[in-house]
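The values are calculated or read from the model by the stated rules, or taken from the named source; none is laboratory data. As the structure is a prediction and not an experimental result, all values here were calculated from the model. Note that we place each Cβ from the backbone using ideal geometry, even for glycine, and neighbour counts take in every protein chain shown. Side chains included, ligands, DNA and RNA excluded: accessible areas come from the protein's heavy atoms. Shrake-Rupley method; radii C 1.70, N 1.55, O 1.52, S 1.80 Å.
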Amino acid sequence: MKISHYAFVAVAGASLTLSLAPFDWWWTAIIAMAALAASLNSATAKQGFILGWTFGSASFATGVSWVYVAMHDFGGTSVALAIPMTALFCIGLGLVPALFAYIYCRWIRDGIAGKTLGFAAMWVLAEWLRGWIFTGFPWLYLGYGHLHTAMAGWSPVIGVYGLSFWVALSGAAIAFSITAPAQLKRHGYASIAACLALFALGFSLQNHEWTTADAKPPLRIGAVQSNISQEKKWAYTQYWATLEQYDLASEELWPDSDLVIWPEAAIPTLYHNALSYFEYIAERAEANNSALITGVPTRTKEDMHNSVMVISGGEGIYHKQRLVPFGEYVPLAHYLRGLIAFFDLPMSSFNRGDPDQGHLQVKGWQLAPSICYEIAYPDLVAQSARHSDLLFTISNDAWFGRSIGPDQHMQMAQMRALENGRELIRVTSTGITAIVDHHGNIRTRIPSFTAGNLKGVVHARNGTTPFTRYGSTPIIVLCFGLVLCARFLRRSNPA
């Protein structure tokens, strides 16, 4: 196979990022998947592995380029080391699409069903695998590009994995229509027609309300975006200035807010070290009949947690379950600590929270919490969304710098609101801080990289969407079934 063939696949993989925020050229993902499907059409399993690896590595190189920003700009890693480490990270992630391509070429491809349904199903299973293996990296899913297209109507039913299936199937159908023998092209055209029909049906689904407005009065929200840079956040010399900044910023919010929210790890020390400050802040909030929720590191016995807790006006504490490797914990820490500064970042020794934690309770509202990276996990959020009034997430996106990372992260949060038919509050230290409606649209936000306050109202929702009830299980089971069917039919219906 010629080098130009691999270059073609690399370009296709790199272009996949354009379908996601902040670009939102959703159709580029379909073209990219069509290019991949066509390239794998006559490849051996070994060639398919390399093609899939090339495609995946290129897509991550463009899509998660912010890893370099985190390592170099904020992790103290030199350019000479940050570039190869970022490249190694992208190449490692590329092994998952490589595995997809190998299995597809080896056992699924040789049949009409395999070249269309089998291709799409295997791709979704690869995304799903990437979402949990080695703690998971649920980034760059194809479905996120359809937050604002007609396919968004399907999101409360089939979730982001279901949307990814449609994208992959659309690309495979186009590739099959182009590469199949003349007598079989009609099957490709039929697949394209089916994809268009699903797209059209999405328009009507967008008008369906899966959840209903609750009778509770709206909750007045105030959120503080401090815009404290990452290099200053954990500096001891900035500690008292940070406490004063949150105190002063909240002063104008207390009188007009039922709930004031501070971002992830707003106070850069363990909760018990700042207990007197939190007692003072609680008094300020209670004097105005307001509640306060903040992110703050906590310690329980020997365990340290990245937590969010209710300081006044309610009760509850939540410890983050899905931790960021190397950012919040260091795999093989005994061997890696001390090698480079990136492995010794502040607060990189957290422990996981229990999986059965409850909601945060504020003024009779049930808030379903998630911290930073956790909003990227569809099923984790869906499980928490059950019996909740509102979705709530805090983050410190200063690690992303001025990259495409914050926009991608916000897009995922919007998808969680849409999947679960719940409004969502997102509060970050540097942006994007916003209130999202139950259709996944940003209702109000404040500019990134500015210090300021957000004010708005949120509304409780009753009921559940199909996705909230069942999560990703139906689409994953369907994909496993389609892969088995494609495998069984490959010899009886060759293409």
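Worth a mention:
- Dipole of the chain [Lys/Arg +1, Asp/Glu -1 at C-beta], most positive-end residue of Thr269, Asn207, Ala32: Ala32
- Selection of GluC sites (Glu not before Pro), the range 239-323, meeting DSSP coil and at most 15 other Cβ within 10 Å: Glu252, Glu302
- Selected from Ser429, Ala451, Gly471, residue furthest toward positive end of dipole (the range 418-481; charges at beta carbon): Ala451
- Counting protein heavy atoms only, the chain has 63 percent of its accessible area on carbon and sulfur, 1.4 angstrom probe.
- Cut-off 11 Å between beta-carbons: net charge of the residues surrounding Ala43, Lys and Arg +1, Asp and Glu -1: +3
- Diffusion coefficient, µm² s⁻¹, Stokes-Einstein with Kirkwood Rh over alpha-carbon pairs of the chain at 4 °C and 1.567 mPa s: 55
- Taking only the Cα atoms of the range 112-260, the ratio Rg/Rh comes out at 1.21, with Rh defined as the Kirkwood radius.
- Here the range 353-495 is treated with +1 on each Lys and Arg Cβ and -1 on each Asp and Glu Cβ, and its dipole about the Cα centre works out to around 380 debye.
- Every Cα-Cα pair in the range 430-495 was counted, and those over 17 Å apart are 67% of them.
- Neighbourhood charge, 12 Å Cβ-Cβ cut-off, centred on Ala213 and excluding it, Lys, Arg +1 and Asp, Glu -1: -2
- Each residue of the range 233-243 was assigned a 3J(HN,Hα) from its phi angle through the Karplus curve 6.51 cos²θ - 1.76 cosθ + 1.60 (θ = phi - 60°); the sequence is 4, 9, 6, 4, 5, 9, 4, 5, 5, 5, 4 Hz, with glycine and proline shown as x.
- Dipole magnitude (debye, nearest 20) for the range 246-312, charges at Cβ of Lys, Arg, Asp, Glu: 280
- Taken over the range 134-218, the percentage of Cα pairs per 10 Å bin, counting from 0 up to the bin with the maximum distance, is 16, 36, 27, 15, 4, 2, 0.
- The largest-to-smallest principal axis extents of the Cα set in the range 1-60 are 35, 17, 17 Å.
- Only Lys, Arg (+1) and Asp, Glu (-1) charged, at Cβ; the chain dipole about Cα centre in debye: 2220
- Options Met304, Leu243, Ile375, ranked by Cα towards positive dipole end of the chain, top entry (Cβ charges): Ile375
- Net +/- balance of residues flanking Leu18 in space, Cβ distance below 14 Å, scoring K and R +1, D and E -1: -2
- Largest to smallest principal axis extent of the C-alpha atoms in the range 1-129, angstrom: 51, 30, 29
- Of all DSSP beta bridges in the chain, antiparallel share, percent nearest 5: 65
- Per residue accessible area in Å² of the chain, where ligands, DNA and RNA are left out and the probe is 1.4 Å: 40
- Axis angle, to the nearest 10 degrees, between helix 405-420 and the longest C-alpha principal axis of the chain: 80 degrees.
- Point-to-point label distance, Thr135-Asp247, nm (Cα→Cβ direction, 7 Å offset): 3.5
- Cα extents of the range 342-437 along the three principal axes, largest first (Å): 40, 28, 25
- Cβ-derived FRET efficiency at R0 56 Å, Thr473 paired with Ile178, nearest 0.05: 0.95
- Couplings 3J(HN,Hα) for the range 215-231, derived from phi with the Karplus relation 6.51 cos²θ - 1.76 cosθ + 1.60 (θ = phi - 60°), are 7, 4, x, x, 9, 7, 10, x, 10, 9, 10, 7, 6, 7, 5, 4, 5 Hz, where x marks Gly and Pro.
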